[in-house]
Amino acid sequence: MSDPERPSRTAAVIPAAGRGVRLGPGAPKALRALNGTPMLIHAVRAMAASRAVSLVVVVAPPDGAPEVKHLLDEHALPERTDYLVVPGGDTRQESVRLGLEALPEGITTVLVHDAARPLVPVDTVDAVIEAVRDGAVAVVPALPLADTVKEVEPGAPGAPEPVVATPQRARLRAVQTPQGFDHATLLRAHTTVTGEVTDDASMVERLGGTVVVVPGHEEAFKVTRPLDLVLAEAVLARRRANDGF
Ligand code: CTP
Ligand code: MG
């Protein structure tokens, strides 16, 4: 449970060091523009929109830290939000660890948020933070699946693959970010767990920690392939139109 003696302080770590291979050739994914503003800036603003977030740590492409720092200096954030930029690593996991190493003393709650999910609404961010403050050590926002999922025996690309199992769809969730953690728990996970993982919460699971799911949001989708850029710009256009009324 949260300690009433210790004030909670929340920081967000934003891994943004990936190349974006699936998006195709061009600048690193986080620096690609959505309606004229870099995806990373949208993601940073999405974290800074929460009043609880006092610090944002951006993990930049390994050779892109000065450029990212310059971008952040150019784009205003709320006054209550500080930011730091550190260079990232070869894998997402390593980039997150480098971001965690940059956190100052006194941070109790950490969000880890993909730069590639630039449009997550602040209500989702706040719901994750609240669940951590209410005592969960690891919280992930997630949505039910639209598609049925098959487990297969992977074969050569394009070749037919035998189906091994069909998990019951109603029990499956597609996981998003920001994922929220008790700071000490996430640090322990990142210093203990080795091997490939695709999200931070699974590292806590491996340590035997309890991870809980809260409702995610369809606008928290990950920009992965070219069509996702079209969808992201459509969401921004819809927001702009709605703000006009
Ligand atoms: N990421 C990172 N460091 C890496 C790899 C990924 O910080 N070495 C970040 C990405 O910048 C992204 C998030 O992790 O914000 C989620 O990763 P993903 O969507 O897979 O992005 P990329 O790895 O850049 O894309 P791809 O896998 O298509 O190359
Ligand atoms: Mg990747």
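Note on segment 221-239: residues that are without any contact (Cβ under 8 Å) to a residue 24 or more places away in the chain and either farther than 25 Å from VAL21 by Cβ or of a type in the set (S, T, N, Q) (or both) amount to 2.
Is it the case that VAL59 is surrounded by 13 or more Cβ atoms within 10 Å (Cβ to Cβ), within 15 Å of ligand 2 (Cβ to nearest atom) and in contact (Cβ under 8 Å) with a residue 12 or more places away in the chain?
Numbers: surrounded by 13 or more Cβ atoms within 10 Å (Cβ to Cβ): yes; within 15 Å of ligand 2 (Cβ to nearest atom): yes; in contact (Cβ under 8 Å) with a residue 12 or more places away in the chain: yes.
So VAL59 passes the test.
Got a sec? Which of GLU74, GLU105, GLU79, GLU67 is open to solvent by 10 Å² or more (accessible area, probe 1.4 Å), closer than 25 Å to VAL137 by Cβ and not hydrophobic (A, V, I, L, M, F, W, C)? Exactly one residue qualifies, and that residue is GLU105.
For (1) within 15 Å of the chain's Cα centre (by Cα); (2) open to solvent by 20 Å² or more (accessible area, probe 1.4 Å); (3) under 20 Å from GLU218 (Cβ atoms); (4) hydroxyl-bearing (Ser, Thr, Tyr), each residue gets a yes or a no:
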position	(1), (2), (3), (4)
GLU101	no, yes, no, no
ASP126	yes, yes, yes, no
ARG173	no, yes, yes, no
GLN179	yes, no, yes, no
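Selection of segment 181-196 for residues being under 19 Å from the mean Cα position of the chain (by Cα) and among the hydroxyl-bearing types (Ser, Thr, Tyr) yields only THR185.
The values are calculated or read from the model by the stated rules, or taken from the named source; none is laboratory data. Just so it is clear, the structure is predicted and the values come from calculations on it, not from any experiment. We place every Cβ from the backbone using ideal geometry, glycine too, and count neighbours over all the protein chains shown. Surface areas here come from the heavy atoms of the whole protein model, side chains and all, with no ligands, DNA or RNA. Shrake-Rupley method; radii C 1.70, N 1.55, O 1.52, S 1.80 Å.
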